[in-house]
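Asks: First the structure, which I've put down as C-alpha cells, then a few questions once you've had a look.
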C-alpha cells in the first residue's frame with residue numbers, strides 16, 4: 001500500500017510550488033491506483049498549513065473543493081489508536097507531530113509513503 005503525504009497535497013494545490021507538476025501526478029494516482037490512500041492526518045496538516053499561512057476561509061474552501069474530486073472518501077485512511085500511541089515514540093526522538101502520525105500509520109500498514117520528506121524516510125520506505 002502507498003500513503004500520500006502532505007507534501008503532495010500542498011504541491012498539488014499551489015501552482016508556484018517547485019513540486020507542483022509531480023504532485024499533480026501523485027494526487028491523481030489516488031484515484032488511479034487501487035492501493036494508494038491518503039491518511040486523514042495529511043489532510044488535516046494541509047488544512048492547518050493553509051490556515052496558518054493566511055489563506056482565507058474562501059480560499060481554503062476553493063482548495064478543498066479542488067481536492068474533493070481527486071480524493072474520494074473511500075481513499076481516506078484514519079489512524080488507529082495503536083498507531084497514534086506508537087507515534088509518541090517517534091515524537092520522543094524528534095520526529096514532528098504530523099510526520100510521526102504518518103510514519104506510524106505506514107509502519108502499521110506496511111506502506112510506502114509518497115513524499116520528499118527525508119525524516120519520514122528515516123523511519124519507513126518512501127518514494128516520490
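Asks: Take residue 110 and residue 52, extend 7 Å from each Cα along the Cα→Cβ direction, and tell me the distance between the two endpoints in nm.
Replies: 3.5 nm
Asks: For the chain, what is the calculated [θ] at 222 nm in deg cm²/dmol (nearest 500), taking -39500 (n - 2.57) for each run of four or more DSSP H residues and dividing by its residue count? The partial results should precede the final answer.
Replies: Values: 7 runs with 75 residues, N = 128.
Value at 222 nm, helices only, nearest 500: -17500 deg cm²/dmol.
Asks: How much of the pair distance distribution for region 2-127 lies past 19 Å, counting alpha-carbon pairs only, in percent? Numbers along the way, then the final one.
Replies: Details: 3560 of 7875 pairs.
Everything past 19 Å amounts to 45 percent.
Asks: Now a separate question. Can you give the angle from 0 to 90° between the axis of helix 20-32 and the longest principal axis of the chain, with both taken from C-alpha atoms, to the nearest 10?
Replies: Tilt of helix 20-32: around 70 degrees.
Asks: Label points 7 Å out from Cα along the Cβ direction at residue 29 and residue 92: separation in nm?
Replies: Placing both labels 7 Å beyond Cα along the Cβ direction yields 3.3 nm.
Asks: Angle check, please: helix 57-68 long axis (alpha carbons) against the longest principal axis of the chain (alpha carbons), in degrees 0 to 90, nearest 10.
Replies: Taking Cα atoms only, the helix is inclined about 70 degrees.
Asks: Another question, then. Roughly how many whole Å is it from the C-alpha centroid of region 1-31 to that of region 78-110?
Replies: One Cα centre to the other: 21 Å.
Asks: On C-alpha positions alone, give me the angle between the axis of helix 40-52 and the longest principal axis of the chain, in degrees, nearest 10.
Replies: That works out to roughly 50 degrees.
We did not get these values from a lab; they are worked out from the coordinates using the rules stated. Bear in mind that the values here come from a model prediction, so they are computed numbers and not experimental data. Cβ coordinates were reconstructed from backbone atoms using ideal geometry, including for glycine residues, and neighbour counts include every protein chain displayed.
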